[in-house]
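Beneath this line is the structure, given in structure tokens, with notes to follow.
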Amino acid sequence: MPTAPHTRQGTGQTGSAPDGRSLSQIVFRPWDCQVVATAVRFEIPERLAAGPRTGAELAAALGADPATFTRFMDSCAILGLVESDGEGTYSLTELGGTLARGAGPFPAMALMNMGEGMWNRMSKLHETILTGEPAKDDRGEDLYQHYDHHPEERLWHAEAMADLSNDAGRALAAGFDFTPYHRIVDIGGSLGILLSHILAAAPHARGTVFDVPSVVERGRAAREGAPVADRLDFFAGSFFEDAPPAADLYLIKQVLCDWGDEDGARILRNSLRNAPSGSRLLVVEWTRPAGGRPDHLDLMSLCLQTVTGGRARTEDEFVALVESVGFRFEKTIPVPSATSPRPWQVLQAVRP
């Protein structure tokens, strides 16, 4: 088969993707991210935090096959997560340290993205492109139905969303004025991380997290003894069917991106059923640029459509969705993220 001049067939070494990777890195090493997630799952950063250890010691502590575990640790070294002395001893690198649980957004995100629910559905990308519909597994289940049978993966998802909420919560607490509001509801608020940051910056306000019963149960346990626990409560229900109590401010962060327009409107319509006139809604998302140039959010959007049926939207698309349920758009307030160069976009709307 003819090849382009001066190109070694099959290596992909001429030219590179916009992020600097060669085609060979993209095609031949899709499992790099699985190695990263496995390092988190085996708690490699925590096990090496006190100093270097041999692969044999780590394998014995984990009950792992020694030969296979050595290949795994060497793979971690290739990715820069650990450093090998070439004689079976490994030490933690600065990069590897960022995978310690609680160190930032990467550990939980790696576990969630590499879990069976996400990984297997992304393998059906071609089906989604042909049909426009999200992928289902061999049992015909969507991602959240899969999580019902795999509570560990549901927890990874909740932890990943909590890490993003940590960042968004700090950004909102610093960049938005909550003094006019006294009752705040967080729709799909998970473990209450976002709302806790906001309540800390608004000591006059009370807050309610609205989420499914299993998440609410974990949220109540997680918030017990927290500084804002006396002003934070939880309301169990489905945002497809139920409505939380009335409030003067509603938050919805990175929920609508998981759903198509019809489902997104249904979520807003139900969740805001008790919203009084004059109450406000803050939609907290990353918005896709409206221009024609490809953006990294286009990649995320393709993933969202495949695994949940959602997508990344432009500001105008979010505005249209919010106004379709009776709110009037007022303005968008960008607030900087501490972990991403892309700021959070806060779309503010009011119930007439």
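Excluding same-chain neighbours fewer than eight residues apart, the lysines reachable from residue 331 by a Cα-Cα span under 17 Å are 253. Building the convex hull from the alpha-carbon atoms of segment 209-352 and averaging its projection over directions returns 9.6 nm². Calculated on the alpha-carbon coordinates, the convex hull of the chain measures out at 178 cubic angstrom per residue. If you take every residue apart from residue 61 with its C-beta less than 9 Å away from the C-beta of residue 61, what net charge results, scoring Lys and Arg +1 and Asp and Glu -1? Summing Lys/Arg as +1 and Asp/Glu as -1 gives +1. Dipole orientation for the chain: of the candidates 329, 134, 99, 329 has the Cα lying most toward the positive pole (charges on Cβ; Lys, Arg +1; Asp, Glu -1).
Calculated over segment 27-183, the projected area of the Cα convex hull averaged across directions stands at 13.9 nm².
For segment 112-143, which GluC sites (Glu not before Pro) are in a loop by DSSP, counting at most 15 other Cβ atoms within 10 Å? Sparse-neighbourhood loop GluC sites (Glu not before Pro): 141.
Angle of helix 66-78 to the longest C-alpha principal axis of the chain, folded into 0 to 90 degrees and rounded to 10: 70°. With the charge dipole of segment 189-250 set up from +1 on Lys and Arg Cβ and -1 on Asp and Glu Cβ about the Cα centre, the Cα lying farthest toward the positive end among the listed residues 243, 213, 228 is that of 228. With every protein chain in place and a 1.4 angstrom probe, the accessible-area ranking of 148, 74, 258, largest first, reads 148, 74, 258. When the alpha carbon gyration tensor of segment 133-291 is reduced to an equivalent ellipsoid, the three semi-axes, largest first, read 25, 19, 16 Å. Between amide H atoms placed 1.01 Å from N, distances below 5 Å from residue 234 occur with 209, all of them 5 or more places distant or on a separate chain.
Shape summary of segment 98-183, radius of gyration then Dmax from alpha carbon positions: 16.9, 50 Å.
Applying a DSSP loop filter and a limit of 16 other Cβ atoms within 10 Å to the trypsin sites (Lys or Arg not before Pro) in segment 41-110 leaves 101.
Axis angle, to the nearest 10 degrees, between helix 261-271 and the longest C-alpha principal axis of the chain: 50 degrees. May I ask you to compute the full-extension gain from residue 120 to residue 337, defined as 0.36 nm times their residue separation minus their alpha-carbon distance, rounded to one decimal in nm? Computed gain between residue 120 and residue 337 is 75.1 nm. Of all lysines in the structure, the ones whose alpha carbon falls short of 23 Å from that of residue 136, not counting any fewer than 8 places away in one chain, are 124. Put a plus charge on the Cβ of each Lys and Arg, a minus charge on the Cβ of each Asp and Glu, and nothing anywhere else: the dipole of the chain about its Cα centre is then about 680 debye. Applying 0.36 nm per residue to the separation of residue 60 and residue 141 and subtracting their alpha-carbon distance, the gain on full extension is 25.4 nm.
To the nearest ten degrees, helix 32-41 and the longest principal axis of the Cα atoms of the chain are 70 degrees apart. Bridges between two residues of the chain, per DSSP, are antiparallel at a rate of about 50%. Beta bridges assigned by DSSP with both partners in segment 219-352 are antiparallel in approximately 70 percent of cases.
With the highest mean first, a sort of the peptides 285-295, 268-278 on other beta-carbon atoms found within 10 angstrom per residue produces 268-278, 285-295.
The values are calculated or read from the model by the stated rules, or taken from the named source; none is laboratory data. Just so we're clear, the structure is a prediction, and the values are computed from it rather than from any experiment. Every residue, glycine as well, gets a Cβ built from its backbone with ideal geometry; the counts of neighbours run over all protein chains shown. Quick note on the areas: whole protein, heavy atoms, side chains included, nothing else; ligands and nucleic acids left out. Shrake-Rupley method; radii C 1.70, N 1.55, O 1.52, S 1.80 Å.
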